[in-house]
Every structure is written in structure tokens, then in C-alpha cells.
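First the structure, in the form of C-alpha cells, and then the observations on it.
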There are 2 protein chains.
Amino acid sequence: MTRRDLLRVIGLSAGGAAMYQAMSSLGLAAESPYKGTPKLQGAPHGASVLILGAGLAGMVAAYELRQAGYRVQLLEYNPRPGGRNWTLRGGDTYTEMGGYTQHCRFDRGLYFNPGPWRIPYHHRGLLDYCKKLGVPLEPFVQINHNAYLHGAKAFGGKPQRYRAINADYRGHVAELLAKATQQGKLDAQVSKDDQAQLLESLRGWGALDDKYAYAKGPDVSNRRGYDKPPGGGLSARPIDSQPLQLHDVLDSRLWRSLTEGEIYEFQTTLFQPVGGMGRIGEAFGRELKGLIHYNAKVTAIQQDERGVTASYVDARHPGAVRQARADWCICTIPLSILSQIPINVGAPMAAAIGAVPYAATVKVGLQFKRRFWEEDEDIYGGLTATDLPINTISYPSNDFNSRGKGVLLGAYIWGLDAYEFTAMSPDERIRRAVEYGSQIHPQYKTEFDNGVAVAWHRSPFTMGCFASWSEALRAKHYDNLCQIDRRIALAGEHVSYLPAWQEGAVTSALDAVERLHQRVMAGVAG
Amino acid sequence: MTRRDLLRVIGLSAGGAAMYQAMSSLGLAAESPYKGTPKLQGAPHGASVLILGAGLAGMVAAYELRQAGYRVQLLEYNPRPGGRNWTLRGGDTYTEMGGYTQHCRFDRGLYFNPGPWRIPYHHRGLLDYCKKLGVPLEPFVQINHNAYLHGAKAFGGKPQRYRAINADYRGHVAELLAKATQQGKLDAQVSKDDQAQLLESLRGWGALDDKYAYAKGPDVSNRRGYDKPPGGGLSARPIDSQPLQLHDVLDSRLWRSLTEGEIYEFQTTLFQPVGGMGRIGEAFGRELKGLIHYNAKVTAIQQDERGVTASYVDARHPGAVRQARADWCICTIPLSILSQIPINVGAPMAAAIGAVPYAATVKVGLQFKRRFWEEDEDIYGGLTATDLPINTISYPSNDFNSRGKGVLLGAYIWGLDAYEFTAMSPDERIRRAVEYGSQIHPQYKTEFDNGVAVAWHRSPFTMGCFASWSEALRAKHYDNLCQIDRRIALAGEHVSYLPAWQEGAVTSALDAVERLHQRVMAGVAG
């Protein structure tokens, strides 16, 4: 019996609090709300579930319900599984709302993830399905000390290495606090013993010298980098670099990007599937082969006392309306689209479906003739942050140190800039991404090859990137969205506290199928 | 013409300062002392070089000198290329000084690097040879926010997650400095405008609340982790964790390990060759096939006006003394061993050879029956730091999320502890590593499978781990070690400002072959 099995037994027999206590004593406390896949069983003979959407939520639901003994069918708008779990490769075609069609011309082996692109170490549901489906993972590099922080007005627009700003900000903070401590200015708050430990810790943490100054020298260069780093032989003596002054660091406002790798979802270790995020959706699609009806655009969802009927048309050639029916329905259609489809649910769920706006984001993938970021600038993976509209440049976390072409994430655009870019043609978005990016990498102008640009508000299968919950909206509508409405349960990242994350889709689906199964079994028992 | 070629032309025609200026204006300034491989050419017909040692330094020298037209031969003590670039796999055998023989019993595909195990992004020489030799790289995870910091006396010996100590230390530092700022205590040092920016920056950087307090709440949980992290569905509301108090963080002294990922050599992005560090040495060995004489233990090195002769015996069955001779010699034998071999060099080099002690380190590789660190604890790669003698546990940076067995670095021991472990039998070192490690991972006791332990002071081919230069030693002896002594030049990590690093070996070899070639060409011209 594994520890997880043991916990499940405790949970089943004594309830959640007992299980939590047991987890605590086993040292697993509070690490994840994910308790393993639910291992449902005993579905009534012939019981059926109709699942709308073959994204991760829909496919997780199908995987578990099928295992529990339900007859399962899925309707999917796209000609492929995965939904936003999606990788564009050479030869792929994508038509957005408004009619623009893009033909991806990347070289073989290169790719771009328009949607999710990283998996945090604590997204255990998604990681478990990767293991079950045999999807190999590799590390995704988020923080790269040698990538850039860039402000159009900071340091004359010259990008700064992350390591330099990071070391200098920390060093000056440590120096200021150490000096305030020495001058007795913390006496009211911090005991003398603690002050001594604080001083010792600040010296190492901030790379301060014997006098608690953050000043040019080997220890500081060993954080921020050297003017000439150490090497071998006769001419290899290192030359120290000169730290920036506190005023210049503060004034640059580049410190705004120093916390990115500290945030729970972006801490190491992050992963990406080998070959593109879409490998997960593709693997689920193979697993559920025969159960997914592709190119099915749902036009109405109607439940009655005995079951649920979805009307749909062929997404490519809308014509005859067809129908699919089952005893129960799990609907994973994004609210942006579901709110436009007739569905007979009660007032609370209906209000919730209509209430949540979707975020607009734009991502641009750019293929270059060579990996100049590695060859010229020693940047291997990671992100450059900028206050230009492109916001982010992300360097590939795979095929490091290889020859030949490479594909960058050339823009990851949010907010008002995203609306502006959404209004442009794909070619214009790409042109702008290259133009802005060349302020950081002058090589862009000669090395650019081709690109693709996905504006999520023009995606016909989501009409937005992810559910943009506010605190107020969540307080009012979230539980109503989660509650099963007679025979219909919703799932997807929009039914989670993890908007935009695949783990939100996975865990919301697991939560929904567990509750649905309970309801079915209760009905059978009753 | 590439930028690198352009720079070489400028360097050749106008000297180093002009090249440096040109690099500056091309934005490459000061990034590396490594200027690309030297592209030597025009060796005099028949000129020959004897290279002692087929570690990285010796093989880099052989690679470049052969390309320049020299006749090259290498003598190597071991039956394999690479020297300290070395990976132990199942089926390998290793006999240390003192006679202990270990038979590695790891499962297929699992391995352990007794020597170097990580490659920083700025070690461009080594990275270039990996590219030339077709050695694929993958990221090495150094910092893992979900790995542990452990002190035997801290928090009752219970390991703490890196993310929690990191967030709490930073948060308290930010709070203390923000409050000192608000109270006017920095008025003498920091302008009012800068104080305003400092306060704003500290709030985001330290996850402080509106009142500049580091206090329990969503923002703090989003750094240190949650009691229950957010998920999907009805029961998924996150529960915040309680930060540690400043006194407890300081008193634990776990802050000593918070800077590891900030140090120049350990910053992201780090690499490891796919399949083990030894892949580099193996690839060099294939490249230099036929030039390396293995199992050759050098017993004397003698130079005269016309060339250099090395005497050697069979390392397995010492008997007849043989000789190898060439016009010139590059000797990469570690000083710990070279100092015991008769060699007729001048007094300055002789003194340098005898002066430098070698560090003792011990590494232990442990195979476990399952990857419990991933399965139970969500730890994927990275290091756990402890004040126990094992010092470090490092989790594999490959085969993430896979089923089956795994090999940990179970100990990386330095200083006095290393001497103590060196004196033990390999079995005893392994037993201790398992015993200490089980204080951090209780699973050790049931999951341990087998192990190997390498104590570098007992390595017959290095008698130590790396040259342990002090400032004083370097001032007195370093240049004398680098200078070519008539027909003999030294190379290796010991002839660099990068002790213990493979890049020191690579760049010292490049520096030596360039100077040697210049000397040869000057002799021809004269």
C-alpha cells in the first residue's frame, strides 16, 4: 500500500480533516490540494456522459469517467485535441476570427506554443497525467541571470543583464540596512543578538565588504559579473566590474522585474514537454481515440429530467444541425463562448456564465536564421523583460548550444497593448514584434526569418485567453459556477483558482467528475 | 565575415586594446576572456608536441595543435580519456589508492559524476567544444525552490523548503528597511525621491502589504508557498501559510545557503551533458583516436636543447620503462602528482609545482529504488543544503517525472569532513551518507539500493580534487607556473583562475598552445 493509497483510505473512512492530519504526520501536509486521480468506479450500467470540449479539462474528465465505467463522448470544435494546449509547427495552418489565415513556415523540429508553455513543479495533476501518458518533460528556464532587463528610458535604452541589476539592488538594500543596524536605528525592533546575526547574514547575502559596503571588488563581481571574467593561463586575471549606484538602479525601475522567479508559479523547477506543450493534448487525443468528435461546433445545450442534449454543426461547413445526447454533461466550453450559446441552467449558473470577462493576450513566435542570443550573447533560455509593448522575449529552453535556426517567443502582450495588437493583421503584429525586439537585439533585423502571431481574442475556439476573475466577481459567482446544475457540470481553467493554468483545468475537471459521480451514485442508491 | 572573425582581425592587426574597444562597440565587451578557439596554423614541417595527460586540458591542446599541423601524441595514466571529466555507470570498476575496488551496480541509464557535474553559461570554451564534438546538453538545475535547507539544530532538525526561508528572509529585510525609510532614518544617505522609489520597490520585492509589513496573506503565500495551494472546483480555495518570524529565520542560520544561485558560477543557465559529464571526454577521445597512449604512467620528464623526453611505464603492470619524445611538451599532470616526478625545469616553475596543495573532496552517488524525492516531495532536480557532513544532496536534473529508480548525489563533502570520509572504506562512506541523508529524507532507509563513493585524495590519477590556490600562493607562483620553461608548458585547471572548473583546463590549454605556437614560429623566423 503506497502512502497515497493509505491517505485515500483514511480520507474515505474518516473524512478530509483526518486525512489532512495524516498527511501532516507523513510530512505531506499542505503541499497540494491534488490528492491523486480519483479512481472512480462502479458507474451504473449504461450511464453516459457527454463532454463538451476536448481541451485538457474535457479530456481529463473523459479519461476518468471512462475508467469509472461511463459511456463517454466528446464534442470538439477544432480538428485536433488539446484546445489551448497547442503547439504550432511548420506546415500548420491557423485561421483566426476576421478571416486571416496563417501558414506556419518554421523549420522541422522548431515550434511555438501560442497558449500555455510552462508547468510548475507543484502542478501535480498535470504532471501525473504526463507520467501516465508517457509525455517526456524537460526543464523550462524562467530566470536567466544573463538575459536582460530592458527599459526604453533606462540606461539610454541599453539592456542590462539581469545578474547586474539583481546583484546591485540587493547589495544596496543590504548595505542600507546593515548601516542602519550599525547606527542603532533598529534597536527598538530587533534584539542585539538578532542584530549581530542580521549583520553577518547581510554581508554574505548582499556581497558586502568588511565595512558593510557594497563596493567594487571580487565578491561583487562574483554576483553581477566581471569586466573580464577569470580564465586560464597567463593573461587570465579577472577584472572587476563597477556596480551601479543606488540612484541609478532605483531610477531605472528595472527592479520591477526582479521578483519574477520568486513567484510560486514561476519558481524552479518549471517544465515543458519535449517537442512542445501540444504533446500533452496530442497524447490525450491518442488515448481517447474514437471518443472525440472533431469539427463539432456546439450551438445549444438543453437538459431535461432524463438527460442532456447538445446541438452542433460542422465547424468547417455549418449546415445541418446534429444532436448528441447523454445522461449527464460536463461542459468545458470557455465562458466567452458558452455565454453566447443557449443553455437551460438555473439563474445562478447563468449569471456566472455571463459575468466573467476574458483576458486579451497576444503571443508572437519568431524564427531566426541562427541562435544569435546564444552565439553572440551567451543567453540560453529564460526571459528578457522590457517595458516595450512586446513585454517579454523568451529564448528556447531546448536544443541548447545547437547550430542552425531557432524560434523565440518574440512578444507576450497584455492589457491595452494586446487590444491594439489584436486589431492588427498577423503580418503587422510580427513586423512590430521584430521592430521592437531589435531595440534589444540588433541582430533581429538581419536574422529574422518568419513568424506567427496569435491574438487570443480572435481565437474562434476561445475568444479570449483565460477567465479574468476579479475578487468581487469571484465572491459573487465562483461557487455558482462550480455547483452542478441538475445534469450539467462545468470544468476548465475558468472554474478554478488557477486561471490561465492548465492545472486549473485538470483539477477543476477532477473535482467535477468526483462530484458528478457522487451525485450519480446517490441517485442510484436513492 | 562573422563578428568574431572581425574581432580577430582587429586584434591581430591593432592589438588587444583596439580589439577590446571594438568588442565594446559591438556590445560584446567584457563578457569573456575566451576569444574563440585560436585557429593556429603553419606549424613547421615535422614539428611535434608530446602531451602528458588526456584530460580536457591535454585533449584541447592536442585538438588545436594537430589542427595547426603539429605531430601530436598523448600519454594518459587511465585506460580511458577525460581524467576528472568522468562518469561512473553500471558495470564500471574503480580502484582507489589503498586498494579498495568498487564495482558500480547502477541500473542501465543511471549514472554519477565523481568530478565536475555542471557547466555555467559563460564557460564558452567548454561550450564551444561541446558544440564542435556534438555533445548534447540539457539544463542542470542548481536552485530548486522546493528543495530543502537543513540544519541539524534548526527547527528541530526538520528540513525547510528553500522557498519559505528565501521569502521570509527577504521579506523581513524589506520590511525593516522600509520602516527605517518611513521613519526618516535614511534621510542622511538617500534623497527623498530615491526613498519614494525605494519604498515602492521594497513592497513588490519583499511581498510587503500596504503598510510595508511582511505578513500572512496571498502575496506572501505566493512566494513562500501555501498551507493549501489554489486548485480547481468547489473546494479549491487556497489557504495562506504563516511566515516565520525574523528571529527564527536568523537563528536557524539557514540564510547561509540563500546566495548559492546568485554566485557567478552557479547562476542560471547551467548545463550538463545528456548521459553524464563523461560524454565530453569520451567524445574528445573518439576525436583523437590513435593519438592517445592509455595506461601510461609518466615517471620522468627531461628536456634538452632539441626536445623533451617522457619516461613511462605501464600503469597496470609497471615494468619496462619506455620513452616518448617530441620537440615540445605540454604537461597537464596535476601538480599533486607532477611534484613527485623528476622534471628538469627552472627554479621558478619547480617551486610553483611544489607549492600548491590540492583540495580533498568526497562525492557519493546513491541509487534508490524509486524517485521518492519527486513522487513524495515534489523535488525535481536542484540541491538540498545541510550542515551535516554530507553538505549537499543533489537530485538528478534528467529523466524528470519518470518511473523507476534514480541516482542522487548523496554527499559532496569538503574540508575536514572530507579527510575523515577519505580515511573510511567506500562502503563506510556510503553507509554514512545514507545514515545522514535519512535525517532529511526518511525514505532513504527503505529505498536505498546501492552506491559508489569517490574520495579524491585517494584517486591514483590526481591525488586530490583540484589545486587549492590561496591569494599569497597565487601572487608568488602563478605566473611562474604559466611561463613556458624552455620546451615545456603546463596546462590544466591548476594553471587558471578557475580552479576546479573544466573551463580553467580548457582556457589554460588554449593559452598555452597559443604561446607555444608563437614561440615555435618565432624560432623558425629567427
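The values are calculated or read from the model by the stated rules, or taken from the named source; none is laboratory data. Predicted model, so just to flag it, every value in this text is computed and none were measured. Every residue, glycine among them, receives a Cβ derived from its backbone with ideal geometry; neighbour counts consider all protein chains shown. Please note that ligands, DNA and RNA were not included when accessible areas were found on the heavy atoms of the full protein model with its side chains. Shrake-Rupley method; radii C 1.70, N 1.55, O 1.52, S 1.80 Å.
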Taking only Cα atoms, what is the 0 to 90° angle, nearest 10, from helix B:502-525's long axis to the longest principal axis of chain B?
30
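Please give the per residue accessible area of the stretch B:292-447, computed with a probe of 1.4 Å over protein heavy atoms only, in Å².
38
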How well do other chains shield peptide B:123-133, expressed as the mean number of their Cβ atoms within 10 Å of each residue Cβ?
2
Report P(r) for the stretch A:173-217: all Cα-Cα distances, bin width 5 Å, range 0 to the bin holding the largest distance, values in whole percent.
5, 26, 35, 21, 9, 3, 1
Per-selection Rg to Rh, the stretch B:221-304 - Cα, Kirkwood hydrodynamic radius:
1.34
At B:GLN439, label 7 Å along Cα→Cβ: distances to the other copies, nm, ascending?
5.4
Any idea what the A:TYR100 label distances to the other copies are, label 7 Å down the Cα→Cβ vector, nm, shortest first?
6.6
How many angstrom lie between the Cα centre of the stretch A:218-237 and the Cα centre of the stretch B:194-230?
35
Suppose R0 equals 60 Å; then what is the FRET efficiency for A:LYS211 and A:ALA350 from their Cβ-Cβ distance, rounded to the nearest 0.05?
0.35
Helix-only CD estimate at 222 nm, as mean residue ellipticity for chain A, using -39500 (n - 2.57) per DSSP H run (n ≥ 4):
-10500 deg cm²/dmol
Note down the nm distance, to one decimal, between modelled labels 7 Å out along Cα→Cβ at B:GLU200 and at A:ASP128.
4.5
Net charge around A:PHE461, counting only other residues with Cβ within less than 12 Å of its Cβ (Lys, Arg = +1; Asp, Glu = -1)?
+2
Could you go through the stretch B:283-300 in sequence order and give the Karplus-derived ³J(HN,Hα) for each residue, using 6.51 cos²θ - 1.76 cosθ + 1.60 with θ = phi - 60°, rounded to whole Hz, and x for Gly and Pro?
5, 4, x, 5, 4, 9, 3, x, 9, 9, 9, 7, 6, 10, 9, 6, 10, 6
Ratio of Rg to Rh over the stretch A:159-252 (Cα coordinates, Kirkwood Rh, two decimals):
1.07
If you put a point 7 Å past Cα along the Cβ direction, how far is that point for B:ALA347 from the same point in each other copy, in nm, smallest first?
10.4
Residues with beta-carbon under 12 Å from that of A:PRO334, excluding A:PRO334: net charge, scoring Lys, Arg +1 and Asp, Glu -1?
0
Looking at the protein assembly as shown, what % of its DSSP beta bridges pair antiparallel, to the nearest 5?
75
Quarter of the Cα convex hull surface for chain A, i.e. its orientation-mean projected area (nm²):
30.4
How far is helix A:16-25 tilted, in degrees, relative to the longest principal axis of the Cα atoms in chain A, given as a value from 0 to 90 rounded to the nearest 10?
30
Low-density loop positions, trypsin sites (Lys or Arg not before Pro), the stretch B:442-526 - DSSP coil, at most 16 other Cβ in 10 Å
B:ARG486
To the nearest 0.05, what FRET efficiency results for A:ASP314 and B:ARG108 with a Förster distance of 45 Å applied to their C-beta separation?
0.35
Expressed as a whole number, the average count of other chain Cβ atoms within 10 Å around the Cβ atoms of A:258-264 is 6
Reduced to Cα centres, the span from the stretch B:375-438 to the stretch A:338-375 in Å works out to 44
Tally Lys/Arg at +1 and Asp/Glu at -1 over every other residue whose Cβ is under 11 Å from the Cβ of B:ALA236; what's the total?
-1
Given an 8 Å cut-off on Cα distances and at least 6 residues of separation, report the relative contact order of chain A as a percent.
20
Quick check: Cα centre of the stretch A:77-127 to Cα centre of the stretch A:273-333, how many Å?
19
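Run the numbers on the stretch A:159-252 and let me know its relative contact order in percent, using alpha-carbon pairs under 8 Å that are six or more apart.
Here the relative contact order equals 32 percent.
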Pop a pseudo-label 7 angstrom from the Cα along the beta-carbon direction at both B:ASP449 and A:GLN182 and give the gap in nm to one decimal.
5.4
Report, to the nearest 10°, how far helix A:471-482 tilts away from the longest principal axis of the Cα atoms in chain A, using its own Cα long axis and a range of 0 to 90°.
40
